[in-house]
Structure formats: structure tokens, C-alpha cells
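Report on one structure; see the data block that follows.
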Amino acid sequence: MKALMIGIAATAAAMVPGTALAQAAGDTSTGQVIVNGNVARLCILGAPSRATVDLGQMAATSGTRVGRIAVLGDQSVTLPNSFCNFAGSALTVQVTALVSADASPVQPGFAKAVNYTATASNWALSPTAATSAASASGATPTATSTGVTQPAPKIADVNVTLSGFTAPSDALLTAGIYSGLVVVTLGPAVGGGS
Amino acid sequence: MTRVALLLASVAVATAMPATAQNRSATTNMPVIGSAPQICVLQPPRLAPGAQTNFRGLSGETLQIDQMVDSTTLATNAASASVQFDAVCSFPHRLRLESQNNGLWRTSELPPTPSAGFTYAVPYRAEVSWAGVNTALDADALSRRVAERGVTIDRPGAGTLELRIEIQQGASNVRANAPVIAGYYGDTLRIVLEPQ
Amino acid sequence: MTHSLILAAGAFVALTAGSAAAQSATDTKSFAVVGNVPALCSGGTIVGTGSTFDLGVLIDTTTGLLRTDLAAPPKVLTGSFCSSRSTITVNATPMAAQNFTAAPPAGFSRTVDYTATASGWTATAATFATGAGSNPGAIQTRPTAFSGDINVSIGTFATNGGSGLRLVSDTSYLGLVTVTLAVAN
């Protein structure tokens, strides 16, 4: 064993050019270990403060606007403690209009979709807003918008506000259960952001 | 890339608010109105089927007696006839029978100087049957005047009004069987259906 | 000679972040937005003519019988709608004398029958005849939500009991037509 080790050491010493040979016959010898670490770029969005936003009954049931969309107040959802550990991130908001599950064709004068605006704020200098533009029959329900670039790493509560609920052409709304979706994405700004 | 989509449609159904009952149906009321005014209509008369005695018939509105007096005694001959009118009164009403002369009187303008023992006016009886009510007017010919008889009918009536004229044998305003003075004799009988 | 073990010489310990699958440069979160619209019906309004069908004098004054030319202009319910499948029901009560309420005497009637029709809502118009024993066509179904005008008309007038009967005199003969829109399941 002993002999073997000496042999390895000797071999190792011989394989390393320069350093060991340069320190021949001294009482001090210095070795070197290089330590390297790498932290990847990371964004995390906090879990939404509400899994579902329920607007309740959306149509007026009396008065001159009976059957049409009622005045619906703004709704807020927070994604707390969201962060990106690198410079140059941006928020993207994808909003999908509320569309009725009823598959029958929409009659003239009626709509089966409710459009609205989703605005994500408190990240970059200005908020990111996307407004859905579904037709009365529920076609093209989704719209996407990417915001300006946040130049520095950041930790913040991202606030999403839902507002501006309207029916296409302010038509009468068909009866039924309506559902839509808001998707928030946080990631590297593409080409410096918009 | 991690994506966590939370679509909880079942939660949405549980929280959906039910519609209030008053919105689930809507009723519109539309009244339909009209009126039926009070009317009485008497159609022109016609001779009733069946026997008539000593009358030539109905010509227009005139009942013509055939032989008014017996050719030997000049006493009045019996005569009778029935006339029908189609009539309707759509409301409770009154039937009035009106004799212009109160008997058959001579149609000449000058009143006759009564000659003792002669008949100069002939009495008769007019009977009316209408809407289940019977009434009669006795034109007694004792004086020349309008004679009238009325009866109330407390319900609407529709159908046939029957009028029967009857002249007794020997009828006279003086004495039974007294001879009748020569001349044209007549009376106008009016049947009126009117409001009470 | 000091033997220094340069154990590290040929090997570099690379301190990297943990497994790449759990974290990345982009994160996405989403939430649902839901709402509901109740099934409801609104009857609309009659513009201009009022809601009453006024037939005026019902009889021929020379005979006392029901006029054969009775007519009233139809009415339009404007702005009616149902947000779901619905039924339309028309109902009518005969025109009856309001003051002469006793049984009429022979030869008379105190009631006028007619037919009410509501069209424009369903493929087959809803009709109700007041003199009929049953009116299965009085209810019609519209399978989809709908918004539109409903045309309501009355006609086919007949003296109840027979056309030879006269109408008892009364200044007020009254009947009622109702049109109902209701959500259907």
C-alpha cells in the first residue's frame, strides 16, 4: 500500500507541469482548489389569493337593462411574494373571456360571452393589461399582452385587477354558467421587453 | 415550464345564484271590451197561419174586414184575425198597445150626428201575446179617444209577437145588434216596445 | 518531502444548482373567472295602441244579432325576450255581460266566444278558442333564447249558444286575453 501511494503521488506530481517541480526541495508547498458556483435565472409567481373569481349573477333582472349585463365591480387577485432573481424580466397576461357552456347557436340580439380587462401591476414601471374581445358567439375569446421590462431583480406582490365587464354589442345574455380564465406568466423579457 | 391551471367549475355551480321566481315568467293582460246597446225591433206584420173570420187579409199594414155588417139587419158581423210580428227587445222593457180611436169609427172628418138607435162606432178587443206575457185592450167605442194598455216585461224578449183582433157579432157602441150607420170605419192600432 | 495530495488537481468540483426540472426562468399561474346569467323572460311593452281590444258595438242594431264584421287591430308586444328555452301561453276568457249576470232568457245569450292568437315567438302560433272544450295549441315551446315581437290578434267571434241567439243588452261586455312567456326546463 505504501509503496503504491508514493507511486501515485509521484505520478501525479510528474503530471502537473510547473507547480510542483518549481518548488523543489522546499519546506512549503501550496496546492489550489478552484470553487465554482452557478445560480440560474429564476422567476416564481406566488399562488393566487383566489383560485376562482365568482362574479355571481351577471345580468340585470329588472329595469330598462333587464337581460343585459349588470354593472359589475372590479375584482382583485394577488400573487404574493413573486420574484425574479435577474434583471430584465416581464409580466405577460393572457385573458380569456367568460363564455357560456351552452353549445346551442346564439340567437340574434343575444351574446354568450362577457369580455373584460385583466391588469397585472406592481412589477415593472407600468402595468400589463390585456382585454378580451370575444364575439357574441364566443369566438376568439383569448387576448394576450406582455408588459414593459423590469430592469432589476425584484420581489413583490403582483396584483391582478379584473375590470370593464361588457357583453359584445351590449347584447342580451343567454342563460347559463359562464367561465373564463386569467393566466399570468413571469419570465425573461424577450428582446428587452415591450 | 410549470403551469398550474385551477379550473373549478364545480365550485362555480355551487355558488351560482338562483333566479328569483318573478323573472322566470312574464304575463301581459289585454282586456277585450264591447257593448250591446238596448234595442227593440218590430218587423212588419204578417197574417198568422190558421183561420181568420170575415177578414180579406193583410194588405201592407191594413186588415180589411170583408162584410162588416149583415146585409139584412145591418148589425155588425163577427170578425177575427191574428197577425204576427217578429220582434226582439234586448233588455227588460214595456209593451204598449195604443188604439187611435178606441174602436172602429167613421173616417170622415165630421163627427156624425148620432141618430137614435143606430150604431156609429164598433168596439173590438185586441189581445197581444209576447215574451210569455198576455195582455188585451178593449176598445169599447163609447168615446172617440186614444185608448192605451201597457204591460211590463222584466226580461229581454225575442220571437213572435201575436196580435189577435176580435169583433163580436152585433158589436155596437149603442146597443147590441143596432144597425150600423153607413160609412168607412177604421182604427189604427199601434204596438210599441219601449224602455220601461 | 511533504506529500501533498493534490486530489483536486485533476478534478474540478463544480458546484451547480440542483436538478433543473423543479425551477426555471419562467413561472405561470392562473385563476378561473366564473359567473352566471339566470334564465329569465321579459314580456315587452305594447306601444301606441294601449292594451285593450275595443270592439265597440257588438250587435247589428236592426236584428239584435252579433255583427258579422267584428274586428280589432292586432297588438304588438315589442321587446319581449327570454334568455333561455321558453314557452309562450295564450289564454282568453269569453266576452261576458258584466251587468246582466243572470241566466239569459230563451232566445238570448250573454257571452261572445272568440279565438286569440299569439304569433312571432314560435314556429306554430299559440291559439286559444274560448268556445273550445280544450286548447292544446295554447302552449308552444321555443327551444332557444329569443328576442322579438309578439303579434296578438283576436277573431272568429261567435255568440255562445248559437248564432241565432241575440245578445242581452249591456254596455259592458268584457273578456281578457293573457300572453305569458315562461322559462322552460
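The values are calculated or read from the model by the stated rules, or taken from the named source; none is laboratory data. Note that the coordinates shown come from a computational prediction; the quantities given were computed from them, not determined experimentally. We place every Cβ from the backbone using ideal geometry, glycine too, and count neighbours over all the protein chains shown.
Could you say whether any residue in the range B:135-157 is within 14 Å of chain C (Cβ to nearest Cβ), in contact (Cβ under 8 Å) with a residue 24 or more places away in the chain, within 30 Å of residue C:103 (Cα to Cα) and surrounded by fewer than 15 Cβ atoms within 10 Å (Cβ to Cβ)?
Scanning the range B:135-157, I find at least one residue that is within 14 Å of chain C (Cβ to nearest Cβ), in contact (Cβ under 8 Å) with a residue 24 or more places away in the chain, within 30 Å of residue C:103 (Cα to Cα) and surrounded by fewer than 15 Cβ atoms within 10 Å (Cβ to Cβ), so the answer is yes.
Please determine whether any residue of the range B:167-182 is assigned to a strand (DSSP E or B) and more than 26 Å from residue B:38 (Cα to Cα).
Yes, the range B:167-182 contains a residue that is assigned to a strand (DSSP E or B) and more than 26 Å from residue B:38 (Cα to Cα).
Which of the residues that make up the range A:101-125 are more than 12 Å from chain C (Cβ to nearest Cβ) and under 16 Å from the mean Cα position of the chain (by Cα)?
Answer for the range A:101-125, where residues must be more than 12 Å from chain C (Cβ to nearest Cβ) and under 16 Å from the mean Cα position of the chain (by Cα): A:119, A:121, A:122, A:123, A:124.
For residue A:140, all conditions in the list (1) on the phi > 0 side of the Ramachandran plot; (2) in contact with a helix residue (DSSP H, G or I) (Cβ under 8 Å, 6 or more places away or on another chain) hold save one; what is the number of the exception?
(2)
Return a yes/no flag: does the range A:177-186 have any residue that is surrounded by 21 or more Cβ atoms within 10 Å (Cβ to Cβ), within 7 Å of chain C (Cβ to nearest Cβ) and farther than 16 Å from residue A:94 by Cα.
Within the range A:177-186, one or more residues are surrounded by 21 or more Cβ atoms within 10 Å (Cβ to Cβ), within 7 Å of chain C (Cβ to nearest Cβ) and farther than 16 Å from residue A:94 by Cα.
Which ones in the range B:22-50 are over 18 Å from the mean Cα position of the chain (by Cα), in a loop (DSSP other than H, G, I, E, B) and either free of Cβ contacts under 8 Å to residues at least 12 places away in the same chain or surrounded by 13 or more Cβ atoms within 10 Å (Cβ to Cβ) (or both)?
If we filter the range B:22-50 for residues that are over 18 Å from the mean Cα position of the chain (by Cα), which is where we start, we get B:22-36, B:49-50.
After this cut, where a residue has to be in a loop (DSSP other than H, G, I, E, B) as well, the list is B:24, B:49-50.
Listed by number, the residues that qualify are B:24, B:49.
With the condition kept exactly as written, say whether any residue in the range C:133-149 is out of contact with any helix residue (DSSP H, G or I) (no Cβ under 6 Å at 6 or more places or on another chain), free of Cβ contacts under 8 Å to residues at least 24 places away in the same chain, part of a helix (DSSP H, G or I) and farther than 14 Å from residue C:82 by Cβ.
Among the residues of the range C:133-149, at least one is out of contact with any helix residue (DSSP H, G or I) (no Cβ under 6 Å at 6 or more places or on another chain), free of Cβ contacts under 8 Å to residues at least 24 places away in the same chain, part of a helix (DSSP H, G or I) and farther than 14 Å from residue C:82 by Cβ, which makes the answer yes.
Mind checking which pairs have a first residue in the range A:32-60 that is at the interface with chain C (Cβ under 7 Å from one of its Cβ atoms) and a second that is crowded, with 16+ Cβ neighbours inside 10 Å and charged (D, E, K, R), Cβ under 7 Å, 6 or more apart or different chains?
Once the first residue is at the interface with chain C (Cβ under 7 Å from one of its Cβ atoms) and sits in the range A:32-60, its partners that are crowded, with 16+ Cβ neighbours inside 10 Å and charged (D, E, K, R) give A:43/C:27; A:44/C:27; A:45/C:27; A:45/C:29; A:47/C:29; A:48/C:29; A:59/A:68.
Within the range C:62-81, how many residues are within 9 Å of chain B (Cβ to nearest Cβ) and of a type in the set (S, T, N, Q)?
3
Quick test for you: out of C:87, C:49, pick the one residue that is polar (S, T, N, Q) and surrounded by 19 or more Cβ atoms within 10 Å (Cβ to Cβ).
C:87 is the lone residue from the list that is polar (S, T, N, Q) and surrounded by 19 or more Cβ atoms within 10 Å (Cβ to Cβ).
For the range B:158-190, enumerate the residues that are under 30 Å from residue C:163 (Cα atoms) and either surrounded by fewer than 20 Cβ atoms within 10 Å (Cβ to Cβ) or of a type in the set (S, T, N, Q) (or both).
Listed by number, the residues that qualify are B:159, B:160, B:162.
Just checking, which of C:111, C:101 is within 30 Å of residue B:157 (Cβ to Cβ), more than 10 Å from chain B (Cβ to nearest Cβ) and free of Cβ contacts under 8 Å to residues at least 24 places away in the same chain? Spell out how you get there, then give the answer.
Numbers: C:111 fails: free of Cβ contacts under 8 Å to residues at least 24 places away in the same chain.
After applying the criteria, what remains is C:101.
All but one of (1) within 12 Å of another protein chain (Cβ to nearest Cβ); (2) surrounded by 17 or more Cβ atoms within 10 Å (Cβ to Cβ); (3) among the polar types (S, T, N, Q) hold for residue A:166, so report the exception by its number.
(1)
For the subset of the range C:66-78 comprising residues that are over 11 Å from the mean Cα position of the chain (by Cα) and assigned to a strand (DSSP E or B), which member is surrounded by the most Cβ atoms within 10 Å (Cβ to Cβ)?
C:75
Looking at this structure, is residue B:138 within 22 Å of residue B:67 (Cα to Cα), among the charged types (D, E, K, R) and not in a loop (DSSP other than H, G, I, E, B)?
In short, yes.
Find the residue count for the range C:128-185, including only residues that are facing chain B (nearest Cβ under 10 Å), closer than 30 Å to residue B:36 by Cα and small (Gly, Ala, Ser).
4
For the range C:82-98, give me each residue that is outside any loop (DSSP other than H, G, I, E, B) and either touching a Lys or Arg at 6+ places or on another chain (Cβ under 9 Å) or within 14 Å of chain A (Cβ to nearest Cβ) (or both). Can you show your working first?
Applying the first criterion (outside any loop (DSSP other than H, G, I, E, B)) to the range C:82-98 yields C:82, C:86-97.
C:82, C:86, C:87, C:88, C:96, C:97 - these are the residues of the range C:82-98 that are outside any loop (DSSP other than H, G, I, E, B) and either touching a Lys or Arg at 6+ places or on another chain (Cβ under 9 Å) or within 14 Å of chain A (Cβ to nearest Cβ) (or both).
Does residue B:91 count as under 30 Å from residue B:133 (Cα atoms), at pLDDT 90 or above, aromatic (Phe, Trp, Tyr) and in a loop (DSSP other than H, G, I, E, B)?
Taking the combined requirement at face value, the residue satisfies it.
Would you check if residue B:87 is within 14 Å of chain C (Cβ to nearest Cβ), in contact with a Cys (Cβ under 9 Å, 6 or more places away or on another chain) and buried (at least 20 other Cβ atoms within 10 Å of the Cβ)?
yes
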